[in-house]
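Okay, structure first, notes after.
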Amino acid sequence: MRTAAVAVVAAVRHPVDVPDAFADVQEATRRHRRAHRCGAFAYGEGSLPATVAAAVGALRIVEVGTALGYTAMAMAEAAPLARVETVECDAGHVRLAREQIVRRGFGDRVTVLGGAAEDVLPGLDAGGYDLAFFDGFTPTARVVSDLHRLLRPGGTLIAGNLILGPSAEVCRHLADPARWRTHSLGETALCVKR
């Protein structure tokens, strides 16, 4: 019984309170989603992608799922030499993200690419990225494969939204030891390209 109680407490308690420099953007994303009943979601905490961006010393980052730019700016702030290319399919969100990014002073390092990931990712540089972050929708096999292609060997993928039930093909891809060294964080997987 004690083990179950500890697991429940651990699931809802955050012993380290991490400040969020972009909490206002996350809140603006929530307000926008409620007002427009749309699919704009900010990843739960920008500290994970930001910390990974800093840890890997990312110089080029590709993100799928911009919403209003919350994690794109968090990663750019954490990796001050990085350029971030973030893909967003909703034209209204593209406009709002660009406004937020310019307002916060990241307009020279964060580029919002409008369009569906399946259309945009094939045109990006293979092997040219240090970090990829996926948080746009339930990941598809094609997008996961494209992100693998875009990363350099040793590059890192943060694959979010796994709680939404990706296909068995996506799960096999992310767990394939020939492609990745993977650790599951529940709804997110952290994968290093082999």
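The values are calculated or read from the model by the stated rules, or taken from the named source; none is laboratory data. None of the values given here were measured: they were computed from a predicted structure. Don't worry about glycine lacking a Cβ; one is built from the backbone with ideal geometry, like all the others, and counts go over all protein chains shown. Protein only, heavy atoms only, side chains kept; ligands, DNA and RNA dropped before computing areas. Shrake-Rupley method; radii C 1.70, N 1.55, O 1.52, S 1.80 Å.
Which of the residues that make up region 128-137 are open to solvent by 10 Å² or more (accessible area, probe 1.4 Å) and within 12 Å of the chain's Cα centre (by Cα)?
Listed by number, the residues that qualify are ASP135, GLY136, PHE137.
Do you know which residues across region 140-160 are in contact (Cβ under 8 Å) with a residue 40 or more places away in the chain and either in a loop (DSSP other than H, G, I, E, B) or touching a Gly at 6+ places or on another chain (Cβ under 6 Å) (or both)?
ARG152, GLY160
I'd like the full set of residues that are farther than 14 Å from ILE61 by Cβ, of a type outside the set (A, V, I, L, M, F, W, C) and open to solvent by less than 10 Å² (accessible area, probe 1.4 Å), limited to region 138-159.
PRO139, the sole residue that qualifies.
Considering only residues that are modelled with pLDDT of 95 or more and out of contact with any strand residue (DSSP E or B) (no Cβ under 6 Å at 6 or more places or on another chain), look in region 176-193 and name the one that is least open to solvent (accessible area, probe 1.4 Å).
ASP176
Which of the numbered conditions does TYR70 fail, given that it passes all the others? Conditions: (1) closer than 21 Å to THR188 by Cα; (2) free of Cβ contacts under 8 Å to residues at least 12 places away in the same chain.
Going through (1) closer than 21 Å to THR188 by Cα; (2) free of Cβ contacts under 8 Å to residues at least 12 places away in the same chain one by one, TYR70 breaks only (2).
Please work out which residue is nearest to ARG104 (Cα to Cα), limiting yourself to region 14-32 and to residues that are touching a residue at least 12 places away in the same chain (Cβ under 8 Å) and in a helix (DSSP H, G or I). Steps first, please.
Keep residues of region 14-32 that are touching a residue at least 12 places away in the same chain (Cβ under 8 Å), which gives 18, 20-22, 25-26, 28-30, 32.
Add one more test, that the residue is in a helix (DSSP H, G or I), and what stays is 25-26, 28-30, 32.
Details: VAL25: 10, GLN26: 13, ALA28: 14, THR29: 15, ARG30: 18, HIS32: 18 Å.
Among those residues, the one meeting the criterion is VAL25.
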